Amino acid sequence: MLSIFKPKPLLEAPESQSLIELFLWSVEHFDSEYFLQHTQVVQPTEQYFPDRVSSVEEMAQSVFQRVRDYAGLTQWPIALTSPSMMPMQQSFPHFSLAGGLRGKGVTVVTPPGLPVQLSYNPNQINQPQDLVASMAGSMALMLIHQVGKLPPGGQQNLPVAADVLAIFMGFGTMICNTAYHFRGGCGSCYNPYANRQAALSEQESIFLHALVCHLKGDDKGGKHLKPHLKGLYKKAQKQLKKILQTSADPMLLALEDRSRV
């Protein structure tokens with residue numbers, strides 16, 4: 001009878017298990033060593049985005065370069081292009097890699113037709129967290145197509161997998177902060193075209209972001225979340241603590257052990 005007073009977990013067990021499976025899919029296929037050794041929990045602060053810009057184009061290029069660097073894709077043949085120059089249908093040509101998947105040691109043999117073109121939504125210039133999250137999601141999708149490993153759930157789960165992978169790459173704060181957009185306010189200040197198309201809910205994003213912060217030993221991972229998300233982040237931390245204490249998943253336990261080294 002006293003169980004009715006127990007706090008409800010952030011996610012039900014099947015939801016949390018499904019997200020952990022997607023996260024471990026990211027670990028398995030998208031360079032766990034880079035994650036453990038180099039991935040940062042990127043925050044929407046001047047420390048991570050210090051550039052000064054004077055135009056929309058400079059803003060987009062600055063964010064692109066920073067996101068590509070934090071994602072470990074600096075050596076990849078990716079180029080930012082103007083939205084007006086993008087083809088109607090985006091393609092993801094395959095190219096060969098040597099020296100790993102991500103990081104400065106990667107070398108790319110570029111076939112004709114590359115680099116891969118990545119564009120941006122000019123409506124997001126005044127919503128930089130949406131811009132960062134959108135670019136991180138696009139680069140995550142490029143990674144998935146390059147590696148050629150479908151996520152659990154198959155092709156239809158690609159948008160969700162891209163959000164999961166973007167959080168795995170360290171962009172969880174921006175993914176969480178842009179997972180939902182309030183549609184109230186005055187008509188002159190609300191621009192629906194600037195919103196990122198989120199595949200994960202706030203709760204799902206928060207859960208994965210808390211997992212990344214735990215594995216990276218970042219005790220300030222929730223500092224720059226929107227105020228209404230901070231409570232969800234604490235609930236996620238509590239739920240993850242219980243999951244990690246009782247989990248029998250060898251990959252998850254091994255990852256946690258390696259993160260402590």
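The values are calculated or read from the model by the stated rules, or taken from the named source; none is laboratory data. Quantities reported herein were computed from a predicted structural model and do not represent experimental measurements. Here Cβ is always computed from backbone atoms with ideal geometry, including for glycine, and neighbour counts include all displayed protein chains. SASA here: full protein model, heavy atoms, side chains in, ligands and nucleic acids out. Shrake-Rupley method; radii C 1.70, N 1.55, O 1.52, S 1.80 Å.
Solvent-accessible surface of the chain, averaged per residue with a 1.4 angstrom probe and all protein chains in place: 52 square angstrom.
Ellipticity at 222 nm from helices only: DSSP H runs of n ≥ 4 in the chain, each -39500 (n - 2.57), divided by the residue count, give -14500 deg cm²/dmol. Charging the Cβ of each Asp and Glu at -1 and of each Lys and Arg at +1, and nothing else, the dipole of the range 1-73 about its Cα centre rounds to 340 debye.
With a threshold of 30 Å on the Cα-Cα distance, the over-threshold entries among K104/K242; K149/K238; K104/K220; K6/K149; K6/K226 are K104/K242; K149/K238; K6/K149. Dipole size of the chain about its Cα centre, with +1 on Lys/Arg Cβ and -1 on Asp/Glu Cβ: approximately 660 debye, rounded to the nearest 20. The protection proxy used here, the mean number of other Cβ atoms lying within 10 Å of each residue, ranks peptides 198-208, 36-46, 169-179 as follows, highest first: 169-179, 198-208, 36-46. When a 1.4 Å probe is rolled over the protein heavy atoms, the share of accessible surface on the range 22-63 that falls to carbon and sulfur comes to 44 percent.
Just the protein heavy atoms count here, and of the accessible area of the range 190-261 at 1.4 Å, carbon and sulfur take up 54 percent.
Each 5 Å bin, from zero up to the one with the longest distance, holds this percent of the alpha carbon pairs of the range 25-79: 4, 16, 22, 22, 18, 9, 5, 2, 0. The radius of gyration of the Cα set in the chain, together with its Dmax, comes out at 18.6, 68 angstrom. Couplings 3J(HN,Hα) for the range 120-129, derived from phi with the Karplus relation 6.51 cos²θ - 1.76 cosθ + 1.60 (θ = phi - 60°), are 8, 9, x, 5, 8, 4, 8, 10, x, 5 Hz, where x marks Gly and Pro. When its C-alpha radius of gyration is set against 2.2 N^0.38 Å (N residues), the range 29-163 gives a value of 1.06.
Placing T81, T246 in order of accessible area, with the largest value first and a 1.4 Å probe, yields T246, T81.
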